[in-house]
Amino acid sequence: MSTALATNEFESTDHPLPDPRRWRALAVLGLTQFMLVVDVSVVNVALPRIQHDLHFSHAGLAWVVNGYVIMAGGLLLLGGRLADMYGRRRLFLIGVGLFALASATSGAAVSPAMLISSRFVQGAGEALAAPAALGMIVVLFPDPHERIKAVGIWGGLAGLGGTTGAVISGVLTGAASWRWIFYINLPVALFALLMVPRLVTESRMIRDQHRIDVVGALTVTGGLVAIVYGLLEANRHAWGSSQVLAPLLGGVALLITTVMVEARSPAPLIPLRFFTNRTRVVANGVSLLFTAAFFSYIFLLTLFEQQVLHYSPLQGGLGYLPLGFGIGAGMGIGTTLLPRVGVKPLMALSFLGAAAGLLLTSQIHVGSTYLGGVLPGMTVLAVFCGLSFAPTINAALHHVTGQDSSLASGVQNTMQQIGGALGLACLVTLALRHAANQINHGVPANVAAAHGYAISFRIAAALLT
């Protein structure tokens, strides 16, 4: 890369000296990301109580989860680019404010329509705030060695959020009310809204054009929303059904249209040059597969504990505490090893180790205990999962400058959302349909369920090898 090109790729707000407030800012941004990720899974344990209190139908209840996932997955790319263009701090504050407002209305919901619409708005808030947060971290830490540590910490906190949602939900739902799984967001959001303007200077990309590519924005957002919706519909309908194929094919067509529009646009929303970096493309691809496996693990293990082992919501939630501790330990090890070992070896090691954890978990059966059947696989998976955060996110940000930092975060977060939806659509559906087929052949329901979960855990392990 020429010196001129390298200089042009950095924006004028990049600081020659590190910002002395950067580590305090990282703490606030990491805490906020923890909150955003928690809300993807925090409702799962509370769904039966929500259904009873608000009189949800079975079909409508799914939208308490799907509404959030669809909006977050569909708008993340757009949110990331808007943050680069119009100010990362500004978009972060708008997103967190929107998320807080929707959290309040979710907790106060008196009808299914009120809760579902609030979850849609929560997802939109995450789509604005999450990529802007990571974009600010890239700008705050221009030194490569410090950036490795900062990004690893941020990714680890996000990963902990994905695993502790069940714990938080089980404790709050069992001890107080499901409404508190939403109200608990409010003090965190208020803290972020007060502290980020004090700790982070505004930053944005240098733009020759001052207009947004409206057609590209509409097609990429519509395409991602359609794909996520189609994947989620595969939970309830066959893959060959119109309910699944129509949105999937429509979404692919819209994304192809986006490529053609962006290639001709004088001011593209998503420059195609961003996707020419092989390391970034591979990192985002493996993130999709890893998230598909991990989301499915959490979902299926929760079903196993509650349906086969007959755990209460509180017992099930507390059972995930070792997962959080293990991820925290792995995160620390990964952040320390990355500068010495390098991205590729550490990624390979972490994925193979996580696959081993899934294979251990696949040995579950109706007679399994928590200590003998659940905890060994959970511990191995947790440590290697934590180990993967620093190398994977740093690879996804490979050679990203201040120009595209929030876009890079948006791409990474989009892959995680689509991966989660893909895992739920494929691995969870496979487990449930296998169990239903065995029940039809006379196998006891709990035995059939355990067999279905075990098969999906093995397939998830294969995805990581």
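Which whole-angstrom value gives the distance between the alpha carbon centres of region 419-465 and region 368-385?
The distance from the Cα centre of region 419-465 to that of region 368-385 comes to 18 Å.
Nothing charged except the Cβ atoms of Lys and Arg (+1) and of Asp and Glu (-1): what's the magnitude of the dipole of the chain about its Cα centre? Round to the nearest 20 debye.
180 debye
How much of the accessible area of the chain, probe 1.4 Å, is carbon plus sulfur, in whole percent?
With neighbouring chains kept in place, the figure for the chain is 70 percent.
Compute the accessible area per residue over the chain, keeping the other protein chains in place, probe 1.4 Å, unit Å².
On the way: 18180 Å² over 465 residues.
I get 39 Å² per residue for this part.
Can you figure out the FRET efficiency of His398 with Arg458, using R₀ = 30 Å and their beta-carbon distance, to the nearest 0.05?
0.40
Would you kindly state how much longer the chain becomes between Leu193 and Ser265 on full extension, computed as 0.36 nm times their sequence separation minus their alpha carbon distance, in nm to one decimal?
On the way: separation 72, 0.36 × 72 = 25.92 nm, distance 3.52 nm.
The span from Leu193 to Ser265 would gain 22.4 nm if fully extended.
According to the square roots a ≥ b ≥ c of the eigenvalues of the Cα gyration tensor, what is the shape class of region 252-358, taking rounded for a/c under 1.5, prolate for a/b larger than b/c otherwise, and oblate for the remainder?
oblate
Near Val69, within a Cβ-to-Cβ distance under 15 Å, what is the net charge of the other residues, with Lys and Arg +1 and Asp and Glu -1?
Charge balance near Val69 sits at -1.
Can you give the alpha-carbon Rg of the chain over 2.2 N^0.38 Å, where N counts its residues?
Details: Rg = 21.4 Å, N = 465, 2.2 N^0.38 = 22.7 Å.
Against the compact-globule rule of thumb, the ratio is 0.94.
Taking the mean number of other Cβ atoms within 10 Å as a proxy for protection, how do you rank 128-137, 93-102, 259-268, 174-183 from highest to lowest? If you can, show how the numbers build up before the last one.
Details: 128-137: 30.1, 93-102: 22.1, 259-268: 14.2, 174-183: 18.3.
Ranked from most to least packed, the peptides come out as 128-137, 93-102, 174-183, 259-268.
The values are calculated or read from the model by the stated rules, or taken from the named source; none is laboratory data. This is a predicted model, so every value here is computed, not measured. Don't worry about glycine lacking a Cβ; one is built from the backbone with ideal geometry, like all the others, and counts go over all protein chains shown. Side chains are part of the model used for accessible areas, which takes the heavy atoms of the whole protein and leaves out ligands, DNA and RNA. Shrake-Rupley method; radii C 1.70, N 1.55, O 1.52, S 1.80 Å.
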